[in-house]
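*Asks:* Below you'll find the structure I mean.
Nothing in this text is a laboratory measurement; each read-out follows from the coordinates by a stated rule. Predicted model, so just to flag it, every value in this text is computed and none were measured. Positions of Cβ are backbone-derived with ideal geometry, glycine not excepted, and every protein chain shown enters the neighbour counts.
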Amino acid sequence: MTGVWGTRLGRAAAVFGLMMALVAPAAAQAPQKSQDSLTPPPVVDPKTVETTPVTPAPATFSADEVTLTPVPVLTISGSSSWEDAYDKLVEAVRKADGEVKRLGLVRAGDVFVMYNTSDDRGFDYEVQMPFSGTTTQKPAEPMKLGGSFAGKVLRFVHTGSFGDMDNTYEQIANYLDEKNVEQNDLYIERYRTDLLSASPEALEIEILVPLP
């Protein structure tokens with residue numbers, strides 16, 4: 001029995017060895033065939049590049065020189081903190097408008113605001129309302145009749161919000177420094193839009209800097 005089982009086991013071992021010898025090369029070649037069967041990905045055309053228009057740079061900040069001629073005005077003076085500046089100016093214009101009508105005069109032209117002195121806390125101002133006509137009456141205190149500023153000025157323009165005027169004044173200061181323009185801290189604003197009817201976000205204001 002031992003010889004028979006030994007012979008069969010030997011044959012079985014030989015057959016198994018032969019089968020493994022045949023399978024091994026095929027198994028070794030299988031990954032190579034798998035790699036050879038891979039195909040490159042399709043070439044995709046690039047998409048059209050989308051472009052965004054570039055906003056042009058703002059125009060160079062500049063001014064023009066003009067000569068102001070005096071006109072008759074009713075003047076009201078006052079002081080204000082910077083926080084209350086807009087409300088104070090509107091209130092002063094409203095009082096001046098009412099006084100012009102009371103005196104039998106006619107409002108004629110854009111309102112001027114002169115800034116005499118200022119510091120971090122606030123400023124002193126004069127609101128000047130141009131008028132036409134004559135009167136024998138005296139305006140109520142502290143208002144008075146007189147003439148507007150006369151002489152050469154540099155004219156700058158601010159368009160937009162009253163609250164953004166600090167940016168414009170900073171540009172003006174830089175401009176004056178670059179041009180070596182001497183200035184005595186007197187600024188005049190001429191309101192092309194009416195403070196009594198316009199929105200504080202949509203104003204057109206000429207900032208006038210008197211020249212020596």
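*Asks:* Given 88/144; 95/138; 101/152, which pairs have Cα atoms separated by over 26 Å?
*Replies:* 101/152
*Asks:* Using a Förster distance of 35 Å, how high is the FRET efficiency between residue 61 and residue 136, based on the Cβ-Cβ distance and rounded to 0.05?
*Replies:* According to the calculation, E is roughly 0.15.
*Asks:* Place a +1 charge on the Cβ of each Lys and Arg in segment 79-212 and a -1 charge on the Cβ of each Asp and Glu, then give the dipole magnitude about the Cα centre in debye, rounded to the nearest 20.
*Replies:* 920
*Asks:* Give, as ranges by residue number, the residues of segment 148-185 whose backbone N falls under 17 Å from the point 7 Å along Cα→Cβ of residue 90.
*Replies:* Counting backbone N atoms under 17 Å from the label point, the list is 160-165.
*Asks:* Let's test the formula: R0 of 25 Å, r as the Cβ-Cβ distance of residue 81 and residue 145. What FRET efficiency results, to the nearest 0.05?
*Replies:* After rounding, the FRET efficiency stands at 0.30.
*Asks:* Also, quick follow-up: Hey, with R₀ at 35 Å, roughly what FRET efficiency would residue 101 and residue 152 work out to, going by the Cβ-Cβ distance, to 0.05?
*Replies:* Calculated value: 0.60.
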